[in-house]
Ligand SMILES: Nc1ncnc2c1ncn2[C@@H]1O[C@H](COP(=O)(O)OP(=O)(O)OP(=O)(O)O)[C@@H](O)[C@H]1O
Ligand SMILES: [Mg+2]
């Protein structure tokens, strides 16, 4: 990987090597040779312009590529296990146990005919909760994510909630599972700044306390700078630069990163400051 020379193996929560994804076998790849590693307990921000392939990359990690889109090359290891040849049942088994994903489009992650509490059920059952116990646990998890009346939320259907509320529910379910790896695809984009601050602080504390690795996809350089230890920048399906987050902001190496940072400098400086202030870091 660009600027990333670490050896593979058990030290990694996630290893992606030379990943290629195509919608049409003879067409231009949507993801073109991406290599990324994420250490255990580490937070890596994956950034890049809209359409560069961030969601396709993480969808492929989770075995969730859309119909007609295929992984055509590369290797993906999750918690040291090679995912080559995994069935949808194998992916289902590791979901939440070993890796949780908070999707960019929260509505698509929920089944419209089930209440929010039903969406907690699978996770709660697999962790040995039952009856009253499980309802209280789900309500506590929602309260942590800023819901004032979590008991009422549990009885709602997904279509009765906003995108930001669903993102927080997804995070609550993800954290409840205590996975060693969380993939958060624009997990706070639908939230106001105050909620965003709360959730980002919670994620950062959670990662530290539980040694949980987080692959954080974001458009927001302020978020990347505040939360991540490392950053990878994508463009047109490729990683153009990756490395330590401080080095990236202080001394970007690629022309693309330099252009992006300087063109966003005014906005970024303001945003960076405000997120830093909000997070108190
Ligand atoms: N179902 C699909 N079939 C074919 N191509 C698709 C499909 N969904 C997305 N694409 C294309 O794949 C490329 C990568 O899309 P992707 O969703 O990964 O971008 P992204 O980096 O996540 O963008 P954003 O920041 O807007 O979320 C884009 O060119 C997009 O048009
Ligand atoms: Mg996306």
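Structure data summary
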read-out: Test: residue in the range 207-227 that is free of Cβ contacts under 8 Å to residues at least 40 places away in the same chain, part of a helix (DSSP H, G or I), surrounded by 17 or more Cβ atoms within 10 Å (Cβ to Cβ) and more than 16 Å from the chain's Cα centre (by Cα); value: no
read-out: Residues (in a loop (DSSP other than H, G, I, E, B) and in contact with a helix residue (DSSP H, G or I) (Cβ under 6 Å, 6 or more places away or on another chain)) located in the range 155-172; value: 156
read-out: Looking only at the range 29-44, and only at residues there that are under 15 Å from residue 238 (Cα atoms) and in contact (Cβ under 8 Å) with a residue 60 or more places away in the chain, the one that is surrounded by the fewest Cβ atoms within 10 Å (Cβ to Cβ); value: 33
read-out: Matching residues, the range 110-120, being more than 22 Å from the chain's Cα centre (by Cα) and not in a loop (DSSP other than H, G, I, E, B); value: 117, 118
read-out: Some residue of the range 99-108 being in a strand (DSSP E or B) and within 16 Å of ligand 2 (Cβ to nearest atom); value: yes
read-out: Top-ranked residue of the range 140-154 - restricted to ones that are modelled with pLDDT under 90 and assigned to a loop (DSSP other than H, G, I, E, B), ranked as nearest to residue 49 (Cα to Cα); value: 145
read-out: Residue check for residue 175: outside any loop (DSSP other than H, G, I, E, B) and either assigned by TED's automatic domain parsing to the domain that holds residue 42 or closer than 30 Å to residue 16 by Cβ (or both); value: yes
read-out: Where residue 92 falls short, out of the listed (1) assigned to a helix (DSSP H, G or I); (2) under 21 Å from the mean Cα position of the chain (by Cα); (3) away from ligand 1 (no atom under 16 Å from the Cβ); (4) in contact (Cβ under 8 Å) with a residue 24 or more places away in the chain; value: (4)
read-out: Leading residue by the ranking (nearest to residue 243 (Cα to Cα)) among those in the range 17-28 that are within 16 Å of ligand 2 (Cβ to nearest atom) and surrounded by 18 or more Cβ atoms within 10 Å (Cβ to Cβ); value: 19
read-out: Tally of residues being away from ligand 2 (no atom under 12 Å from the Cβ) and within 21 Å of residue 257 (Cβ to Cβ) across the range 32-58; value: 11
read-out: Residue that is at pLDDT 90 or above and outside the structural domain of residue 165 (by TED's automatic domain parsing), where the choices are 137, 57, 115; value: 57
read-out: Residues located in the range 30-48, provided they are over 15 Å from residue 187 (Cα atoms) and either in a strand (DSSP E or B) or over 16 Å from the mean Cα position of the chain (by Cα) (or both); value: 30, 31, 32, 33, 34, 35, 36, 37, 38, 39, 48
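The values are calculated or read from the model by the stated rules, or taken from the named source; none is laboratory data. Bear in mind that the values here come from a model prediction, so they are computed numbers and not experimental data. Because the Cβ atoms are built from the backbone with ideal geometry, glycine has one as well, and the counts that use them run over all protein chains shown.
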